[in-house]
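**Q** Pasting in a structure now, in structure tokens, and then I'll have a few things to ask.
The values are calculated or read from the model by the stated rules, or taken from the named source; none is laboratory data. Keep in mind that what you see is a predicted model, and the values were worked out from it rather than measured. As a convention, Cβ positions derive from the backbone with ideal geometry for all residues, glycine included, and neighbour counts pool all protein chains shown.
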């Protein structure tokens, strides 16, 4: 259960002193605004909340939020976040990053965190380009799109983040658009509250290397989930995941199931081990370091 602040906090209370340095018009401004409001909506205690990121424009975000934060190396945010959550399950852990960080070097970590259903929230800001390193083709760059490394057009087929999350076993999948702040607030808050691996695919246009055209292109195609849509029916979720983005891009909660999280299963295993008299890892550490508990408490 997430720790709530003793007093009611507003979005402004989660703003750090450090000011964002993103390019004017960057979609990430809308995302950080949604993060502030989502944390305030849940009234999360900043002292029990951790934001983790990798490398990239979007990975600057934790520095702008008044919580604990950790800036990892490229693609390694999810395993760092997993370690934090396993070490202290009482913490609320949110991962933020971009499409290159999450679906190139970080792909394997995404796959295994999703299948294990680790209780963390991952917000991926997808602009379909490597923005920080000046405009190279990313894993989500559309086929035929010219970039600095594909001036005649990208010859690769892009990865589908939502379909990947569904196939790998994420228990909460949603999609939003950085300009749709109200929708983003609701989905991020729901993702944080969900007990399991939550993935929010956030379309966040890059005005420098994709131009205003990317924003307009997305804006023309976004829509809400259709009437009667059931996010617990895999075949319906799969149909949205397989959508052709050239035709439409559905925003909202796409999939959710309620299977036990990795933390829950781990705690159940520890109880069974205790009933059988199997020593815990704390017991083992005590055998090597008698004052281990005292050292931990002092820290």
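**Q** Return yes or no: is residue 223 within 19 Å of residue 178 (Cα to Cα), within 23 Å of the chain's Cα centre (by Cα) and exposed (fewer than 13 other Cβ atoms within 10 Å of the Cβ)?
**A** Yes; evaluated as a whole, the condition is true for this residue.
**Q** On to the next question. Hey, residue 209 hits all of (1) touching a residue at least 60 places away in the same chain (Cβ under 8 Å); (2) touching a helix residue (DSSP H, G or I) at 6+ places or on another chain (Cβ under 8 Å); (3) buried (at least 17 other Cβ atoms within 10 Å of the Cβ) but one; which does it fall short on?
**A** Among (1) touching a residue at least 60 places away in the same chain (Cβ under 8 Å); (2) touching a helix residue (DSSP H, G or I) at 6+ places or on another chain (Cβ under 8 Å); (3) buried (at least 17 other Cβ atoms within 10 Å of the Cβ), residue 209 violates only (2).
**Q** Residues to consider are 31, 96, 52; find the one that is under 17 Å from residue 123 (Cα atoms) and part of a helix (DSSP H, G or I).
**A** Residue meeting the stated conditions: 31.
**Q** Does any residue of the range 77-86 turn out to be modelled with pLDDT under 95 and over 11 Å from the mean Cα position of the chain (by Cα)?
**A** Yes: the range 77-86 contains one or more residues that are modelled with pLDDT under 95 and over 11 Å from the mean Cα position of the chain (by Cα).
**Q** If you go through the range 261-295 one residue at a time, how many are surrounded by 15 or more Cβ atoms within 10 Å (Cβ to Cβ) and outside any helix (DSSP H, G or I)?
**A** The number of residues fulfilling the criteria is 1.
**Q** While we're on this one: Name the single residue that is farthest from the chain's Cα centre (by Cα) among those in the range 44-76 being farther than 23 Å from residue 11 by Cβ and surrounded by 23 or more Cβ atoms within 10 Å (Cβ to Cβ).
**A** So, considering only residues that are farther than 23 Å from residue 11 by Cβ and surrounded by 23 or more Cβ atoms within 10 Å (Cβ to Cβ), the one farthest from the chain's Cα centre (by Cα) is 56.
**Q** Oh, and also: Considering (1) more than 27 Å from residue 111 (Cβ to Cβ); (2) without any contact (Cβ under 8 Å) to a residue 24 or more places away in the chain; (3) outside any loop (DSSP other than H, G, I, E, B), say which one residue 70 fails and leave the rest.
**A** (1)
**Q** Here is a follow-up. Residues that are within 30 Å of residue 232 (Cβ to Cβ) and out of contact with any helix residue (DSSP H, G or I) (no Cβ under 7 Å at 6 or more places or on another chain): does the range 149-162 have at least one?
**A** yes
**Q** Within the range 188-203, can one find any residue that is buried (at least 21 other Cβ atoms within 10 Å of the Cβ), over 25 Å from residue 108 (Cβ atoms) and in contact (Cβ under 8 Å) with a residue 60 or more places away in the chain?
**A** Looking through the range 188-203, none of the residues is buried (at least 21 other Cβ atoms within 10 Å of the Cβ), over 25 Å from residue 108 (Cβ atoms) and in contact (Cβ under 8 Å) with a residue 60 or more places away in the chain.
**Q** Would the range 118-127 turn up any residue that is surrounded by fewer than 21 Cβ atoms within 10 Å (Cβ to Cβ) and either closer than 23 Å to residue 209 by Cα or more than 13 Å from the chain's Cα centre (by Cα) (or both)?
**A** no
Condition check ((1) outside any loop (DSSP other than H, G, I, E, B); (2) over 28 Å from residue 24 (Cβ atoms)) across all residues:
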| site | (1), (2) |
| --- | --- |
| 141 | no, no |
| 150 | no, no |
| 158 | no, no |
| 162 | yes, yes |
| 174 | yes, no |
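**Q** Here's another thing I want to ask about it. Does at least one position in the range 114-123 carry a residue that is farther than 18 Å from residue 65 by Cα and out of contact with any helix residue (DSSP H, G or I) (no Cβ under 6 Å at 6 or more places or on another chain)?
**A** no
**Q** Now for a separate question. Return only the number of the condition from (1) part of a loop (DSSP other than H, G, I, E, B); (2) in contact with a helix residue (DSSP H, G or I) (Cβ under 6 Å, 6 or more places away or on another chain); (3) buried (at least 18 other Cβ atoms within 10 Å of the Cβ) that residue 230 does not satisfy.
**A** Here residue 230 meets the rest and fails (3).
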